[in-house]
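Step one of this worksheet: look at the structure below.
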Amino acid sequence: MMGAGHARGQRPRARPSLAALLALLTLPLLGGACPRHGRIERAYPPPAPAELRQMLVARQAAVTSINGSARATSWLGGDRIRATVLVLVERVGRLRLEAEVSLQGTVAILATDGQRFGLLDVRKNELRRGPACPANIASLIRIPLSPAEVAAIFLGDAKLPDGDAANDSVDWDGDTGTDVLVIPGAAGQLRYHFRHRDTGAPLLVGVTAVDGAERPIWRVAFEEFVDVPGRRGVVSLPQLIHYAEGASSYDDGVEIRFKDRTANDPIAPDAFTLSPPAGTPTVEVGCP
């Protein structure tokens, strides 16, 4: 999926494997920057949990799909690997990601309709298919989440856990200067970080999933918000997204920078399923 891979300060290495190219779609989080030195104090009254939840619900209703391309860069394993990724995403959990390499064209396509997934390895001329369970999604893009959870990250937020909104609370992150909407989930909590602005609604700049001991499971950061045209008008979306597992550094993860996008355009359902080209072997895989 990426072009030439280079270790920092070393000679170019051999062409990266498909696994390394797919690793591009994993990323490291919050706010995209290191915590500031010294604790930041909140200089305004804390928002109510219901206020932040309503902002999140409204945002998710306003952005239901994207169609565009992104430049992905990974430093996983000490090598820099880059590729262009064509992206189709629907919030309900439908995804299509096409990895292109300079001078080679498309090298891999990952698609899921939310129930089934397929991975076409163009170099090996092989199609893998199976249920779209988190384990299978993780084996391809190293994000062990459901398709709907992965889709939400590409859309600039995170899927709300099931549960009673009365259990929500608001915390303050003094390192990043953000209000944190804390929503209990089955495995711990989802913590949505909002940056206050003097004018306009607060921005959702990151999400952290933590376990019962409040240790990070995964985290995502959103940066450089831009206005993106869409079928229902202009929406504000992050130009830059980082994802990491656990407490990993962004420097050891992946950066995805969108080159162009439109929002909320209709996408044909067959875009999210893969049929093997003539003569392509198909391998069925299950869930662990």
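The values are calculated or read from the model by the stated rules, or taken from the named source; none is laboratory data. Everything quoted here is computed from the prediction, not taken from an experiment. Backbone-built Cβ (ideal geometry, glycine too); neighbour counts: all protein chains shown.
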Scanning segment 160-197 for residues that are of a type in the set (D, E, K, R) and modelled with pLDDT of 95 or more, the one farthest from L56 (Cα to Cα) turns out to be D173
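The rows are residues; the columns are (1) under 30 Å from E126 (Cα atoms); (2) out of contact with any helix residue (DSSP H, G or I) (no Cβ under 6 Å at 6 or more places or on another chain); (3) at pLDDT below 60; (4) assigned to a strand (DSSP E or B).
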{"site": "M2", "(1), (2), (3), (4)": "yes, no, yes, no"}
{"site": "A20", "(1), (2), (3), (4)": "yes, yes, yes, no"}
{"site": "R36", "(1), (2), (3), (4)": "no, yes, yes, no"}
{"site": "Q60", "(1), (2), (3), (4)": "no, yes, no, no"}
{"site": "G77", "(1), (2), (3), (4)": "yes, yes, yes, no"}
Residues satisfying the stated conditions in segment 236-288, i.e. assigned to a strand (DSSP E or B), crowded, with 16+ Cβ neighbours inside 10 Å and of a type in the set (A, V, I, L, M):
L237, L240, I241, A244, V254, I256, A263
In segment 131-145, anything in contact with a helix residue (DSSP H, G or I) (Cβ under 8 Å, 6 or more places away or on another chain) and at pLDDT 95 or above is listed as A132
Unmet requirement for A201, which otherwise passes all of (1) assigned to a loop (DSSP other than H, G, I, E, B); (2) crowded, with 20+ Cβ neighbours inside 10 Å; (3) among the hydrophobic types (A, V, I, L, M, F, W, C)
(2)
Under 17 Å from Q54 (Cβ atoms), surrounded by 14 or more Cβ atoms within 10 Å (Cβ to Cβ) and modelled with pLDDT under 95, is that true of P216?
no
Hey, D121 at pLDDT 95 or above, crowded, with 16+ Cβ neighbours inside 10 Å and touching a Lys or Arg at 6+ places or on another chain (Cβ under 9 Å) or not:
no
